[in-house]
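A short worksheet on the structure shown next.
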Amino acid sequence: MTLSLEKSSISLLLLLFLAITTISSAHNITLILAKHPEFSTFNRYLTLTHLASEINRRQTITVCAVNNAAMGDLLDKHMSIYTLKNVLSLHVFADYFGSKQLHRITKGTTLTATLFQATGEAPGTSGYVNITNMKGKKVGFATEDNDGHFSSNFVKSIQEIPYNISVIQLSNIITSPAAEAPVAAPADVDLIDLMSKKAKITGTLLDEEPLAVYKIDKVLQPSELFKSQSINSDNSAMGPSSGADDGDGDSNDDGDTTNNNGGMIMNVNGGWFVTFVLSIGLVFG
């Protein structure tokens, strides 16, 4: 019975995850670029740097892709994956620029914020890109402080979903000393060790990349969000209960009531809230 309940819970959680992903994302940059093999390297590094998921969750975005040859020039610099992420995030604009918009820029020039600026990694305003209409109907791209030199030009539109996502091709990588500066690798975090300090891991239900599902013995919720109430005191008011002396329920130091059989019961805004003790850890390679 317990095993069946666990399988049902996992299936429900996976379906919920897929439903949320489908609803919240009207586009998928990986699938868009997969139709164009000349951008396969750029597409691969969007995934490796986790920028693809960031692009997919945003509702208004412009992605400036470069072909495999241009990516080869960038990779020849042997940057760390963290520096590459900064460089590529400079090629993702937090605004919509289709082909028509690029050729109809007010006063011929504009500044737009990129994901590099949004991350907080960009010093000052180095995460902004200057887009300028030039002679011969060319559109140039460069960092804000470019001294009149545009390192990249608009080539063509790859795919446009108006005011949602625009994927365009640039001739070269937009050069930026700030984005190309070395970035230290973040400290490694041991998820199992971190969780074992409290909410203990009693087993592994699924471990197949990119998804890992662990079973834990208890779930702890912040007391600020959940108003706990003793089950025993409530049962006493209602009368004797056959399970009152089972010893299955206990309370943690924060006053949250937990159930050692895989569930926790708390009073949430006057109503009973039951949560199964299953935790999903998403690990992206």
Practice prompt. Name the residue farthest towards the positive end of the dipole of region 116-174 from the options Gly120, His149, Asn133, assuming +1 on Cβ of Lys and Arg, -1 on Cβ of Asp and Glu, about the Cα centre.
Written response: Asn133
Worksheet item: How high is the relative contact order of region 23-170, given as a whole-number percent (alpha carbon pairs under 8 Å, six or more residues apart)?
Response: 23 percent
Worksheet, complete the sentence: What the 10 Å binned alpha carbon P(r) of region 23-170 shows, as percent of pairs per bin from 0, is 11, 44, 38, 7, 0
Fill in: Net charge, Ser99 excluded, C-beta distance under 14 Å - Lys, Arg +1, Asp, Glu -1
+4
Response to the item:
The summed charge of the Gly127 Cβ neighbourhood (under 9 Å; Lys/Arg +1, Asp/Glu -1) stands at -2
Worksheet entry | Cut-off 11 Å between beta-carbons: net charge of the residues surrounding Ala26, Lys and Arg +1, Asp and Glu -1 | +2
Discussion item. Considering only protein heavy atoms and a probe of 1.4 Å, how much of the accessible area of region 24-122 is carbon and sulfur, as a whole percent?
Written reply: 50 percent
Worksheet item: If you wrap a convex hull around the Cα atoms of region 86-181, how much volume per residue is inside, in Å³?
Response: 93 Å³
Item to complete: Might you report the magnitude of the Cβ-based charge dipole of region 106-162 about its Cα centre, with Lys and Arg at +1 and Asp and Glu at -1, to the nearest 20 debye?
Response: 420 debye
Worksheet item: Want the number for Thr119 to His149: 0.36 nm per residue separation, take away the alpha-carbon distance, what's left?
Response: 8.3 nm
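The values are calculated or read from the model by the stated rules, or taken from the named source; none is laboratory data. No experiment lies behind these values; they were computed from the predicted model shown. Methodologically, a virtual Cβ is constructed for each residue, glycine included, from the backbone with ideal geometry; neighbour enumeration extends over all protein chains shown. Accessible surface is based on the protein model in full, side chains and every heavy atom, while ligands, DNA and RNA are left aside. Shrake-Rupley method; radii C 1.70, N 1.55, O 1.52, S 1.80 Å.
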